[in-house]
Ligand code: HEM
């Protein structure tokens with residue numbers, strides 16, 4: 001027999017359960033409806049899913065497709081796109097100006113705070129205007145074009161690294177290009193900050209320095225950035241488990257736990273180099289000048305101590321500076337040797353070689369110092385450096401490389417400021433108008449070079465019927481008036497061409513724009529151009545398949561977790577340098 005009391009209880013329990021399920025269903029439906037129709041970003045174009053969940057874009061990140069995926073959304077929805085319930089992506093020049101030229105848009109802290117050192121923000125990782133202003137001011141003069149040139153004429157630091165690179169190449173001529181370029185970038189940048197004596201000497205063969213630099217790139221267990229941002233708890237638990245697994249492994253089998261230690265080593269190296277500059281009063285170096293600021297008691301805005309000074313400069317350098325630098329330079333040689341169309345690539349090399357021979361004839365009397373054919377010089381005169389910087393075809397190649405294979409193609413996220421700093425507010429809400437649309441304060445917003453660099457402003461006709469100009473191909477000629485053949489143009493056509501070039505130069509965003517643009521861009525360009533002049537006046541370069549040379553770091557693959565644009569998948573990174581006759 002059924003107990004009637006129990007039976008009634010059963011009914012009421014089922015009723016409660018059904019009611020709870022219904023309420024939950026209604027809540028979900030309401031959540032969906034409000035996300036799609038009434039959420040603060042519901043008026044921004046984008047796929048429905050991006051109004052409901054951040055995991056659409058997270059999923060793309062997990063597939064290393066975030067940048068390309070966002071670019072596809074822009075092609076479909078236009079210059080402003082919602083990529084998650086709290087984030088929009090923009091591409092138009094007006095939107096980029098609004099976001100990156102205004103000091104009120106802070107950097108997106110969850111991402112940038114990962115790049116701090118010694119527990120404090122650096123010039124790169126500081127987010128707000130207050131944190132950033134004094135740090136930038138302390139270093140910006142040392143990175144100005146005039147200072148960079150003066151410094152190079154006086155010290156020949158970059159030239160020394162170029163010579164070391166050529167010696168490195170000459171020792172085998174089949175070069176692991178990833179190592180060579182990272183070494184070069186590190187030697188140049190540390191030389192710039194700490195001076196030639198105290199710089200890293202990786203190319204010249206200092207094994208301890210090499211180990212630090214390669215170890216830094218080789219960190220095991222690198223966690224995808226998007227996971228740290230979006231799933232911090234799970235990621236930290238996994239990291240913690242992985243750390244103890246490695247530790248347990250090392251107890252059982254011996255060996256060291258490399259991961260964090262290698263980061264500590266690069267920091268320690270920077271710290272020691274800074275302290276050395278301080279105690280030896282190396283005021284002709286950037287580190288020395290910062291140390292002097294510390295000695296003199298600091299600046300009005302910022303609290304200076306050794307920690308502040310090294311953060312403002314020293315640690316940004318081997319880590320973020322040399323990384324950005326080497327990646328762009330890497331891309332250049334990689335593209336050159338392997339590009340989509342090897343014929344174009346070889347033709348470009350030939351064209352550059354002949355430009356270099358015209359500018360720097362082999363006769364020492366004409367070229368002044370005999371450089372770049374002879375490396376028997378300690379410093380380069382100012383005019384020689386300027387000549388190298390102003391070679392039109394070399395410049396076009398560098399710009400095209402920075403456009404299409406840029407070192408930082410990914411989004412540079414900022415946060416929309418509250419109404420006190422707004423250009424236009426509604427009476428109820430606080431935020432800014434971007435691309436004609438109201439974006440509430442607190443929304444994450446960003447542009448990305450990969451998308452900007454594929455703007456139709458870059459599309460030029462090649463003049464060949466079967467090869468219409470497009471934005472994806474590597475075509476240095478697009479940076480030259482009429483492809484470098486100016487004489488054939490009417491004055492009108494020439495004026496039009498000049499206007500076109502001005503427009504694409506204004507759109508190049510490899511170093512970002514506004515008050516947070518790359519402080520190291522002049523050093524980078526000088527370093528890349530002097531090296532390219534030296535290499536391509538002597539050698540042709542080609543990728544060597546199955547070379548038998550052990551590639552220690554194929555960073556295109558390493559970067560799967562860090563960047564999501566992989567132009568050279570499968571390239572193993574050994575390059576053969578063949579001297580011109
Ligand atoms: C080809 C080489 C390089 C490229 C393409 C590059 C690109 C960039 C980009 C896109 C930014 C903006 C990042 C953001 O807003 O999130 C940036 C910032 C920065 N870069 Fe570079 N960079 C290069 C080389 C260097 C070098 C050699 C140094 C140092 C010597 C350097 C130091 C910095 C610093 C300190 C910032 C932060 C500036 C600030 O916020 O005030 N970069 N770089």
Residue in segment 70-87 that is within 16 Å of the ligand (Cβ to nearest atom), surrounded by 17 or more Cβ atoms within 10 Å (Cβ to Cβ) and outside any helix (DSSP H, G or I) present: yes
Any hit, segment 231-254, residues being surrounded by fewer than 11 Cβ atoms within 10 Å (Cβ to Cβ), modelled with pLDDT under 70 and outside any helix (DSSP H, G or I): yes
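Could you please give the count of residues in segment 166-196 that are over 22 Å from the mean Cα position of the chain (by Cα) and either under 17 Å from residue 543 (Cα atoms) or touching a residue at least 24 places away in the same chain (Cβ under 8 Å) (or both)?
Our first condition is that a residue be over 22 Å from the mean Cα position of the chain (by Cα); within segment 166-196, this holds for 166-175, 194-196.
Next cut, either under 17 Å from residue 543 (Cα atoms) or touching a residue at least 24 places away in the same chain (Cβ under 8 Å) (or both) only: 166-170, 172-175, 194-196.
Within segment 166-196, residues that are over 22 Å from the mean Cα position of the chain (by Cα) and either under 17 Å from residue 543 (Cα atoms) or touching a residue at least 24 places away in the same chain (Cβ under 8 Å) (or both) number 12.
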Subset of segment 141-155 (residues that are more than 24 Å from the chain's Cα centre (by Cα) and crowded, with 18+ Cβ neighbours inside 10 Å): 151, 152, 155
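Can you name the helices (runs of 4 or more DSSP H) wholly within segment 357-452 that have at least 1 residues being modelled with pLDDT of 85 or more and under 22 Å from residue 106 (Cβ atoms)? Write out each step before concluding.
Working: elements: 364-367, 382-389, 392-404, 449-452.
Those helices (runs of 4 or more DSSP H) span 449-452.
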Residues being more than 16 Å from the chain's Cα centre (by Cα) and in a loop (DSSP other than H, G, I, E, B) - total across segment 483-516: 3
Any hit, segment 169-191, residues being part of a helix (DSSP H, G or I), modelled with pLDDT under 90, touching a strand residue (DSSP E or B) at 6+ places or on another chain (Cβ under 6 Å) and within 16 Å of the ligand (Cβ to nearest atom): yes
Condition check for residue 541: at pLDDT below 90, assigned to a loop (DSSP other than H, G, I, E, B) and more than 26 Å from residue 143 (Cβ to Cβ): no
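The values are calculated or read from the model by the stated rules, or taken from the named source; none is laboratory data. None of these values were measured; they are calculated from a predicted model. Using ideal geometry, Cβ is built from the backbone for each residue, glycine included, and neighbour counts are taken over all protein chains shown.
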